Amino acid sequence: MNVHYGCGFSSCEGWENFDASPTLIIERIPFFGLFVKKNNGRFPNNVKYGNIVKGLPLKDNSIDLVYCSHILEHLSLNDLKIALKNTYKMLKGGGCFRLVLPDLEFDAREYINNFNCDASISFLRKSHLGEEKREQGIIKALINYLGNSKHLWMWDYKSLKKELEYCGFQQVRRAKYNDNKNINFLKIEEEGRWNNCLGIECFK
């Protein structure tokens, strides 16, 4: 069995696809969910609700492959540690975990080498660390909080490698788009989400 968590609309056949968006729960409410129009599209039918921090409804040592794309940067530091432990627990021995997320080192170097007076603004916008406009009102603030679009913690290779190894992962290496020739990873990875980003592959 293969697991893709934080999949959003990018579900893939042959994978168990999970997402923790509250909108997914609302969309699945009979009748009422038909009128939910928060996103441009609706979650595919093969996406299940599941939160990697709270733990997915899967047995330990039961999963062959795990994939997540641009998810871990939306977690707090403490929640990321929990998510990695939960990922490790559900993998079988020898199971593979591939992940991709923004590369703090790349973005920082780009900022340092940008001599434009708006360099810091560009960096904060790209990293999603800044707050251009504070949402007013309880409803808007709640939607913003539940939407979880903010980046809460950014990573470079050496710091995330340390966290992975602390959980027990081995053979941790930088990965590139589709450099694992397993047909299942070839089907699920999207090149645009790997460009100038940090990809990592590791094993249990």
Of all residues in region 126-141 being over 16 Å from LEU101 (Cα atoms), assigned to a helix (DSSP H, G or I) and open to solvent by 90 Å² or more (accessible area, probe 1.4 Å), the one that is modelled with the highest pLDDT: ILE138
Within region 29-36, does at least one residue satisfy the condition of being on the phi > 0 side of the Ramachandran plot, surrounded by fewer than 20 Cβ atoms within 10 Å (Cβ to Cβ), at pLDDT below 95 and assigned to a loop (DSSP other than H, G, I, E, B)? yes
Output the residues belonging to region 148-204 that are touching a helix residue (DSSP H, G or I) at 6+ places or on another chain (Cβ under 7 Å) and within 20 Å of MET90 (Cβ to Cβ). GLU163, LEU164, CYS167, GLY168, PHE169, VAL172, ILE200, CYS202, LYS204
For region 163-204, enumerate the residues that are outside any strand (DSSP E or B) and among the polar types (S, T, N, Q). ASN178, ASN180, ASN182, ASN184, ASN195, ASN196
What do you reckon, is ASP64 among the acidic types (Asp, Glu) and within 30 Å of SER120 (Cα to Cα)? no
Among the numbered criteria (1) open to solvent by less than 60 Å² (accessible area, probe 1.4 Å); (2) within 18 Å of TRP15 (Cβ to Cβ), which single criterion is violated by ASP156? (2)
Looking at LYS54, LYS85, LYS92 in this structure, which one is part of a helix (DSSP H, G or I), more than 25 Å from GLY192 (Cα to Cα), open to solvent by 10 Å² or more (accessible area, probe 1.4 Å) and not β-branched (Val, Ile, Thr)? LYS85
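The values are calculated or read from the model by the stated rules, or taken from the named source; none is laboratory data. Here the structure is a predicted model, which is why all the values come from computation and not from measurement. Positions of Cβ are generated from backbone atoms using ideal geometry, with glycine treated the same way; all protein chains shown enter the neighbour counts. Ligands, DNA and RNA are excluded from the accessible area calculation, which covers all protein heavy atoms including side chains. Shrake-Rupley method; radii C 1.70, N 1.55, O 1.52, S 1.80 Å.
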